[in-house]
1. Hey, any hits in the stretch 139-158 for a residue that's surrounded by fewer than 19 Cβ atoms within 10 Å (Cβ to Cβ) and over 23 Å from VAL41 (Cα atoms)?
2. Under 9 Å between Cβ atoms, at least 6 apart or on separate chains: pull out the pairs that start in the stretch 161-175 with a residue that is without any contact (Cβ under 8 Å) to a residue 40 or more places away in the chain and end on any residue that is charged (D, E, K, R) and outside any helix (DSSP H, G or I).
3. For the stretch 130-152, which positions are within 16 Å of the ligand (Cβ to nearest atom), touching a residue at least 40 places away in the same chain (Cβ under 8 Å) and not aliphatic (A, V, I, L, M)?
4. Determine if the stretch 32-49 includes at least one residue that is touching a Leu at 6+ places or on another chain (Cβ under 9 Å), away from the ligand (no atom under 16 Å from the Cβ), in contact (Cβ under 8 Å) with a residue 24 or more places away in the chain and closer than 18 Å to PRO91 by Cα.
5. Looking only at the stretch 21-33, how many residues end up being surrounded by 17 or more Cβ atoms within 10 Å (Cβ to Cβ) and either touching a strand residue (DSSP E or B) at 6+ places or on another chain (Cβ under 9 Å) or in a strand (DSSP E or B) (or both)?
6. Within the stretch 34-63, track down each residue that is of a type in the set (Phe, Trp, Tyr) and surrounded by fewer than 19 Cβ atoms within 10 Å (Cβ to Cβ).
7. From the list VAL124, VAL93, VAL172, which residue is outside any loop (DSSP other than H, G, I, E, B), at pLDDT 95 or above and within 16 Å of the ligand (Cβ to nearest atom)?
8. Cβ contacts < 8 Å: first residue touching a residue at least 40 places away in the same chain (Cβ under 8 Å) and among the aromatic types (Phe, Trp, Tyr), restricted to the stretch 71-89; second residue buried (at least 22 other Cβ atoms within 10 Å of the Cβ) and in a loop (DSSP other than H, G, I, E, B), any location; separation 6+ or different chain. Result?
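The values are calculated or read from the model by the stated rules, or taken from the named source; none is laboratory data. These numbers were taken from a predicted model, which means no experiment stands behind them. All Cβ positions, even for glycine, are placed from backbone atoms using ideal geometry, and neighbour counts span all protein chains on display.
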Amino acid sequence: MPSWKGIVGQGLTAEQLERYVSTLAFGAWRPQFVVLHNTQVPRFSEWHSVPGQQRMDGLQRYYRDEVKWSAGPHLFVADDVIWLFTPLTTPGVHSPSWNAISWGVEVVGDYDAEPLSPGVRANVVSALATLHAAAGLDPQSLRLHKQDPKTTHTFCPGKNLADQRDAIVADVAAEIEGRNQGEHVPPATDPEAIPAPIH
Ligand SMILES: [Zn+2]
């Protein structure tokens, strides 16, 4: 049985994720692309019926104790926060052909049944921009789980997310471009970042 890699288990806003990822080093392992998933269960409409921290604990028990994998996906993207699951600096377990060379990003929801909400979509775009920029990846390299030739999850992600793949990729590319041009201003939580008043 493979030893469990552990989880970060922290929920971050899109801005906090950007700052967090900027502190990581991808020298030992650098993925080549992102694989997009949806949770299917739970649905987005059910997600907030349980506190997010409890969701992470439950997911950890599922991957570690039930399916007995060494890890799970890297992120779970909800509308309020983006949950850090398997550490981004190590391979996860989420797509049989691509575990060793990709990040796995789960979007909370069942997109064969639910629409993609604006809040979730915004966090997906921002999180993907952060990951692609951090590893120097082309957003066009984004893959869907169901494109994995070895997977049996031919429904992942569901239609209402899969159909938006190209639009999301375009928005991710625009977001990265905007950040590079300095249009993106991180929130000034660091006192050093707040301009001194002019006397
Ligand atoms: Zn999947």
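1. Within the stretch 139-158, one or more residues are surrounded by fewer than 19 Cβ atoms within 10 Å (Cβ to Cβ) and over 23 Å from VAL41 (Cα atoms).
2. Pairs that qualify, where the first residue is without any contact (Cβ under 8 Å) to a residue 40 or more places away in the chain and the partner is charged (D, E, K, R) and outside any helix (DSSP H, G or I), are ALA173/ASP138.
3. Selection gives ARG143, HIS145, ASP148, PRO149, LYS150, THR151.
4. yes
5. 2
6. Looking only at the stretch 34-63, we keep the residues that are of a type in the set (Phe, Trp, Tyr), and these are 44, 47, 62-63.
If the condition is that a residue be of a type in the set (Phe, Trp, Tyr) and surrounded by fewer than 19 Cβ atoms within 10 Å (Cβ to Cβ), then TRP47, TYR62 are the ones that fit.
7. Answer to the check: VAL124.
8. Partner pairs satisfying both residue conditions: PHE85/GLY72; PHE85/PRO73; PHE85/HIS74; PHE85/GLY92.
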